[in-house]
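Enquirer: Sending over a structure as structure tokens; questions will come in a sec.
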Amino acid sequence: MVSDYDVVIVGAGVAGLAAASDLSKAGISIAIVEARNRIGGRILTLHDPPSGAPIELGPEFIHGKPVEIWDLLRASNIPMVEVEGENWCAENSGLQRCGFFEQIDEILESMDDSTTDESFLDFLARRWPNPKHDPALEKAKLHATNYVSGFNAADPALVGVHWLVDSARAEKRIEGTR
């Protein structure tokens, strides 16, 4: 019964499992409730038999060097490998080199937290209007919106620009582009 525990953790993703680990080490009884038939949350690797290649359906790497994650990996003797390479995207029913990161960076770097806060979508409409319906700008705005929703797991209509700017600063502190 759930009522037999001190704490109930909803979700067995990385955050839920980390909370469970810390609480159990402190002697607190816990129950983890997970909707899926597996643990790991967004972490999911499929192994493709024909190609022999792993296919990442969730986070495929650790961004930067956040001490909270690296300390756990080191303590567990989990090998870490820093990788470099090209980004490929599925577009037009095939794989192509992702050529839009510079556009996303330009949009994201234009965010400012010294003015009144607004949602990311309101920011895009105000700062990056497109009265001539330039397809390249529309594509850049779409990629930036997808980045905010995918990387930050945030609804672009709700998340504030101030939070995104603060998040970008935190990412810089941990060398998040590594």
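The values are calculated or read from the model by the stated rules, or taken from the named source; none is laboratory data. Quick caveat: nothing in here was measured; it's all calculated off a predicted structure. As a convention, Cβ positions derive from the backbone with ideal geometry for all residues, glycine included, and neighbour counts pool all protein chains shown. To get the accessible areas, we keep the full protein, side chains included, count just its heavy atoms, and leave off ligands, DNA and RNA. Shrake-Rupley method; radii C 1.70, N 1.55, O 1.52, S 1.80 Å.
Enquirer: Any idea which residue in the range 66-81 is modelled with the highest pLDDT, counting only those that are open to solvent by less than 80 Å² (accessible area, probe 1.4 Å), within 17 Å of Glu175 (Cβ to Cβ) and not in a helix (DSSP H, G or I)?
Expert: Only one residue fits best here, namely Pro66.
Enquirer: What residue, among those in the range 89-113 that are among the aliphatic types (A, V, I, L, M) and loosely packed, with under 13 Cβ neighbours inside 10 Å, is nearest to Ala157 (Cα to Cα)?
Expert: Ala90
Enquirer: Can you pull out the residues in the range 56-65 that are of a type outside the set (Gly, Ala, Ser), out of contact with any helix residue (DSSP H, G or I) (no Cβ under 9 Å at 6 or more places or on another chain) and either surrounded by fewer than 13 Cβ atoms within 10 Å (Cβ to Cβ) or within 20 Å of Leu95 (Cα to Cα) (or both)?
Expert: Glu56, Leu57, Glu60, Phe61 - these are the residues of the range 56-65 that are of a type outside the set (Gly, Ala, Ser), out of contact with any helix residue (DSSP H, G or I) (no Cβ under 9 Å at 6 or more places or on another chain) and either surrounded by fewer than 13 Cβ atoms within 10 Å (Cβ to Cβ) or within 20 Å of Leu95 (Cα to Cα) (or both).
Enquirer: Okay, moving on. Considering only the range 36-61, how many residues are touching a strand residue (DSSP E or B) at 6+ places or on another chain (Cβ under 9 Å) and in contact (Cβ under 8 Å) with a residue 24 or more places away in the chain?
Expert: 2
Residues are listed down the side, and each one gets a yes or a no for (1) assigned to a helix (DSSP H, G or I); (2) in contact with a Lys or Arg (Cβ under 8 Å, 6 or more places away or on another chain); (3) farther than 24 Å from Trp70 by Cβ; (4) open to solvent by less than 40 Å² (accessible area, probe 1.4 Å):
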{"site": "Thr115", "(1), (2), (3), (4)": "no, no, yes, no"}
{"site": "Leu124", "(1), (2), (3), (4)": "yes, yes, yes, yes"}
{"site": "Asp155", "(1), (2), (3), (4)": "no, no, yes, no"}
{"site": "His162", "(1), (2), (3), (4)": "yes, no, yes, no"}
{"site": "Asp166", "(1), (2), (3), (4)": "yes, no, no, no"}
{"site": "Glu171", "(1), (2), (3), (4)": "yes, no, no, no"}
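Enquirer: Still on this structure: Let me confirm something: among Val8, Val67, which residue is out of contact with any Phe, Trp or Tyr (no Cβ under 9 Å at 6 or more places or on another chain), touching a residue at least 40 places away in the same chain (Cβ under 8 Å) and not small (Gly, Ala, Ser)?
Expert: Exactly one of Val8, Val67 is out of contact with any Phe, Trp or Tyr (no Cβ under 9 Å at 6 or more places or on another chain), touching a residue at least 40 places away in the same chain (Cβ under 8 Å) and not small (Gly, Ala, Ser), namely Val67.
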